[in-house]
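Shown next, in structure tokens, is the structure this report addresses.
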Amino acid sequence: MKKILIALMLIIPLFANAQKDNNLAFKDSLNIYKDTSSEYHSKLDSLYSSFEEKYKNQQVTNIGGIPFGISREEALPILRNKYGEEMYNPKKKNILSFNNIKYAGVDFNTVHFLFQSDGINSYFNTCIFVLNADTEKEAIDKQKKMSDILSKKYELSCVKDANGLDSYGGGVSPLWDGHWSSLLKEEYLTAIHTDIIKYDEELAKDTGIKYATRIIYGPYNYIKEEF
């Protein structure tokens, strides 16, 4: 049952960004940028410099000093030094899970560090913080508290999930190159989001856990595969 519980905690739904860029002037500027000279590029770059700085301040780069993109081999000793031994999970070598972790003053029930692999190298690309809850109201209250904390650093938007519950998202991916024109690629936006999980009755009965509030960083795609 513990394996099933962990598997459910690691399912990451797609966050539908409520703040899709509707700024036609910005999109028009991008189209012009692609079709004009380097001299005009410089003018637009200057125009959007403050825009870039704003989003650089929103960019996710690490969790507790552990940079995204680091390999599992590099991350493991750092994580063990910070959080002790990971949960035993021999079939999931690209997932490192830890119980009862205090992070940024918050006591989380579990934290999961996920790594993407191309068969040779691995890359830290996802982190999931989990807070257990006995009731939906408790889960909602915990999510609101965490969104308030996150909003001190990131601009968050709010959408309704498939169950009609709020989900908060914001931040910019660590993979963003820092140039304003590439922000139209939606893969760089909503780098962090929250959600609420409700476990089915059988699993809740066996584990004693009915709900969970999650903060999800990623996944960030470090592996580029092309034909």
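Data for the structure
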read-out	value
Gyration tensor over alpha-carbon atoms, region 78-122, equivalent ellipsoid semi-axes in Å	22, 11, 9
For region 104-198, alpha-carbon Rg and Dmax in angstrom	15.3, 45
Cβ-based exposure ranking for 172, 159, in which fewest neighbours within 10 Å come first	159, 172
Likely footprinting exposure, 158, 127, fewest C-beta neighbours within 10 Å first	158, 127
Estimated distance in nm for a label pair at residue 85 and residue 138, the labels positioned 7 Å out from Cα along Cα-to-Cβ	2.9
Rounded FRET efficiency, nearest 0.05, which uses the C-beta distance separating residue 205 from residue 163 and R0 of 22 Å	0.60
Packing-based exposure ordering (other Cβ within 10 Å, fewest first) of 194, 110, 61, 135	135, 61, 110, 194
Of the GluC sites (Glu not before Pro) in region 51-119, those whose Cβ has at most 15 other Cβ within 10 Å and which sit in DSSP loop	85
Only Lys, Arg (+1) and Asp, Glu (-1) charged, at Cβ; region 123-210 dipole about Cα centre in debye	320
Full-extension gain in nm, residue 59 to residue 73, via 0.36 nm per residue minus C-alpha separation	2.6 nm
Coil-residue trypsin sites (Lys or Arg not before Pro) of region 81-166, DSSP, other Cβ within 10 Å capped at 16	91, 92, 93, 152, 153
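Only the coordinates and a few stated rules stand behind these numbers; no lab work does. The structure displayed is predicted, hence computed values, not measured ones. Reconstructed Cβ throughout: ideal geometry from the backbone, glycine too, with neighbour counts over all protein chains shown.
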